[in-house]
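All remarks here apply to the structure that follows.
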Amino acid sequence: MDIKITNMVKFYTLLLLAERDKHGYEIIKEISSRTGKTVSPGQIYPFLKLLEKRGYIKSGEPTKRDKTQYRLTKDGKAFVQTMLARFGDLVRLAVEPSIEECAHCGCKVYSGGYKKKIKNRQLSFCCQYCAKSFKI
Ligand SMILES: [Zn+2]
């Protein structure tokens, strides 16, 4: 049985567990806040169960107040490494919006910006004034 990473929720679940041990609800909260999308327990818990069955994660014994916390096993860590190697570039593109920096002042250009070709290099600036004052 192989585990297929078919959506971002699954990907993030593994990524978050690779950062540190987490509760299911922490995973839900963090994916929601990172992707800006609502994540339901139904998207997380069956996947956690599957990971556990496969031996990729272990759930700790719930203590009195604490809920179950999940931890990547050695196999799980290896699986995440493989996943990152396979999807790393793709994911970086999908997750991080392509934020450019102004070549002159270094500020982040979130939208629009000003492009200018200088000495055969296409450069990005935050505004035309930065483009004007830029010298190679
Ligand atoms: Zn600038």
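The values are calculated or read from the model by the stated rules, or taken from the named source; none is laboratory data. Keep in mind that this is a model prediction, so the values were computed, not measured. Counting neighbours? That spans all protein chains shown, and the Cβs are built from the backbone with ideal geometry, glycine included. In case anyone asks, the SASA skips ligands and DNA or RNA and just uses the protein heavy atoms, side chains included. Shrake-Rupley method; radii C 1.70, N 1.55, O 1.52, S 1.80 Å.
Given +1 on the Cβ of Lys and Arg, -1 on the Cβ of Asp and Glu, and no further charges, what dipole in debye does the chain carry about its Cα centre, rounded to the nearest 20?
Using only the charged Cβ atoms, the result is roughly 380 debye.
Considering only 15, 84, 123, give the residue with the highest GNM mean-square fluctuation for the chain, with springs between Cα atoms whenever their separation is below 10 Å.
Evaluated over the chain, the most mobile residue of the options is 123.
I need the shape label for the chain. Rule: rounded when a/c is under 1.5, else prolate if a/b > b/c, else oblate, with a, b, c from the alpha carbon gyration tensor.
It is prolate, given that a/c is not under 1.5 and a/b is the larger ratio.
Taking R0 as 41 Å, what FRET efficiency do you get between residue 134 and residue 78 from their Cβ-Cβ distance, rounded to the nearest 0.05?
That pair, residue 134 with residue 78, gives E of 0.30.
How much of the accessible area of the chain, probe 1.4 Å, is carbon plus sulfur, in whole percent?
51
Anything over 29 Å Cα to Cα? Flag those among 74/108; 22/108; 37/108, in the order listed.
With Cα atoms farther than 29 Å apart: 74/108; 22/108.
So what's the back-of-envelope 222 nm ellipticity for the chain, counting only DSSP H runs of four-plus at -39500 (n - 2.57) apiece and dividing by all residues, rounded to 500?
-15500 deg cm²/dmol
Cβ under 11 Å from residue 51's Cβ, residue 51 left aside: what net charge do those residues give with Lys, Arg +1 and Asp, Glu -1?
Here the count lands on +4.
Given a 1.4 Å probe, how much area per residue of the chain is accessible, in Å²?
70
What longest range of the chain stays clear of loop-exposed trypsin sites (Lys or Arg not before Pro) (DSSP non-H/G/I/E/B, at most 13 other C-beta within 10 angstrom)?
68-118
Tell me, in nm to one decimal, what length is gained between residue 45 and residue 2 on full extension, where the rule is 0.36 nm per residue of separation less the Cα-Cα distance?
Gain in length upon complete extension: 13.7 nm.
Considering only 32, 124, 40, give the residue with the highest GNM mean-square fluctuation for the chain, with springs between Cα atoms whenever their separation is below 10 Å.
Checking each option, the largest mean-square fluctuation is seen for 124.
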